[in-house]
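S.K.: First the structure, then my questions, so here it is.
The values are calculated or read from the model by the stated rules, or taken from the named source; none is laboratory data. Quantities reported herein were computed from a predicted structural model and do not represent experimental measurements. Don't worry about glycine lacking a Cβ; one is built from the backbone with ideal geometry, like all the others, and counts go over all protein chains shown.
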Amino acid sequence: MAAGAGVMFLAWILTHLHVLAAGQDGLIRFVLSPVFALLVLLRGRRLPDVPRVSRGVVMVGAVAGLLSALAGVIAGIHQVEWIGVLLLGLACLWWLLPGRFARDAACAVFLLYWAHPLPAQVFGPLQLAMQHASVQGAEWFLHLFDTPVWADGMVLRKGSYIFEVPAWCSGMRSATTVFLLGLGLGLYRRVRWNVMGVLIVVALLQALGLNMLRLSVMVLLAPRLQDASAIGFLHDTAGMIVAASSVLLVLELWLWDRLMAHWAHRVMEPDVEAEVAKRSRPPFWAALNRHRWAIVVAPLTNAGAPLITAVISLVLIGIMPQPLKATGIALAFIAAALLAIEPEETA
């Protein structure tokens, strides 16, 4: 049974290789999804005493997969056919493997789903939205540095220079990479779903921000670049954006693990020496130490209102501050926020 399921799955992959590898992100999807699916399926530290998936559930999954695959073949809908093949594979894994592999098998099949390209009705609008957001974001970023540029659809104009941003520069390849990395690493490391969702959203926003930065750098180098050279610059830096997005995602996941480990250590092992020293102080000095930020916060608690009023006024009259002034406003906001945060009292 296992051999038959494996042969069927490989045969489907080989006969639909042109579909799976289609698109600018085809190779990324086709490599990352199976690799992470295999890692999740082969990872250790499973619960030993987990009951096997019931035969009824396995049969329902197999029948649903068979019907879905046949419907996809008859209707010519590759997504439905792919889902059917995956359901059949999942049913076979549940039938063959011990119960402790059931959850990992479902996660691995879920990762394999993303090896297939999204429908054009979904991928097209997403790519167009990222392309438009990249152009608008690059215009806003350049305005912060007082650079005369404006966005006209999918084109950035700077004086006599016109830079068209093609669809393959929308950032979808970076977004696909960080999405699969975030999903694969999260499932492999057993990260909670809510944390993994936040991590993926942050990674996607970072990929979009890096693409905006790439377009901004292209416009800033406009006097030295011709139109063809600008397109070459975008093409040459595409790999750098993917690599930078991936590195940032891995660093953030590492920092999250360190933060959780530090928090768990503090909860399990409180600082006894600090607690004793705090309790040994006289009441006045203990209160002063506990509320030491109040000396600075008290006169500045209303600092946020004038800053917000100033920013709203600048937006309404359409004036963009110079880079130095914009930096000063940002620093003022940060200072007001830091001063307004009162440290939590420890019991």
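S.K.: Checking the structure you have, find out if any residue of region 44-59 is within 19 Å of Gly184 (Cα to Cα) and not charged (D, E, K, R).
M.R.: yes
S.K.: I need a count of the residues in region 129-157 that are out of contact with any Phe, Trp or Tyr (no Cβ under 8 Å at 6 or more places or on another chain) and over 30 Å from Leu32 (Cα atoms).
M.R.: 16
S.K.: With respect to Leu225, is the statement that it is farther than 26 Å from Tyr188 by Cα, in the same structural domain as Ala133 (by TED's automatic domain parsing) and at pLDDT below 65 true?
M.R.: yes
S.K.: List every residue pair whose Cβ atoms lie under 7 Å apart, where the two residues are 6 or more positions apart in sequence or sit on different chains, the first residue falls within region 109-129 and is within 16 Å of Leu41 (Cα to Cα), and the second residue, located anywhere, is crowded, with 18+ Cβ neighbours inside 10 Å and β-branched (Val, Ile, Thr).
M.R.: Once the first residue is within 16 Å of Leu41 (Cα to Cα) and sits in region 109-129, its partners that are crowded, with 18+ Cβ neighbours inside 10 Å and β-branched (Val, Ile, Thr) give Leu111/Val40.
S.K.: Let me ask something else. State whether the residues of region 87-106 include one that is under 24 Å from Val178 (Cβ atoms), aromatic (Phe, Trp, Tyr) and either modelled with pLDDT of 75 or more or part of a helix (DSSP H, G or I) (or both).
M.R.: Scanning region 87-106, I find no residue that is under 24 Å from Val178 (Cβ atoms), aromatic (Phe, Trp, Tyr) and either modelled with pLDDT of 75 or more or part of a helix (DSSP H, G or I) (or both), so the answer is no.
S.K.: Can you tell me how many residues within region 90-140 are under 18 Å from Leu208 (Cβ atoms) and crowded, with 18+ Cβ neighbours inside 10 Å?
M.R.: 8
S.K.: Answer yes or no as to whether Arg46 is of a type outside the set (Phe, Trp, Tyr), at pLDDT 85 or above, at negative phi and loosely packed, with under 15 Cβ neighbours inside 10 Å.
M.R.: no
S.K.: Looking only at region 171-213, count every residue that is closer than 25 Å to Phe233 by Cβ, of a type outside the set (A, V, I, L, M) and touching a helix residue (DSSP H, G or I) at 6+ places or on another chain (Cβ under 7 Å) and tell me the total. Break it down into steps so the answer makes sense when it comes.
M.R.: Taking region 171-213 first, the residues closer than 25 Å to Phe233 by Cβ are 171-178, 203-213.
So of that shortlist, the ones also of a type outside the set (A, V, I, L, M) come out as 171, 173-174, 176-177, 206, 209, 211.
If we keep only those that are touching a helix residue (DSSP H, G or I) at 6+ places or on another chain (Cβ under 7 Å) too, we end up with 171, 173-174, 176-177, 206, 211.
Qualifying residue count, region 171-213: 7.
S.K.: Please state which of the following conditions Arg52 fails to meet, knowing it meets all the rest: (1) under 23 Å from the mean Cα position of the chain (by Cα); (2) of a type outside the set (Asp, Glu); (3) not in a helix (DSSP H, G or I).
M.R.: Here Arg52 clears every test but (1).
S.K.: It is to be established whether one or more residues within region 61-69 are of a type in the set (A, V, I, L, M) and closer than 29 Å to Leu204 by Cβ.
M.R.: Taking every residue of region 61-69 in turn, none turns out to be of a type in the set (A, V, I, L, M) and closer than 29 Å to Leu204 by Cβ.
S.K.: Ok, one more. Taking region 68-82, which residues are part of a helix (DSSP H, G or I) and closer than 13 Å to Pro119 by Cα?
M.R.: Residues satisfying the conditions are His78, Gln79, Val80, Glu81, Trp82.
S.K.: Still on this structure: Please go through region 238-256 and pick out each residue that is at pLDDT 80 or above and not hydrophobic (A, V, I, L, M, F, W, C).
M.R.: Ser245, Ser246, Glu252, listed by residue number.
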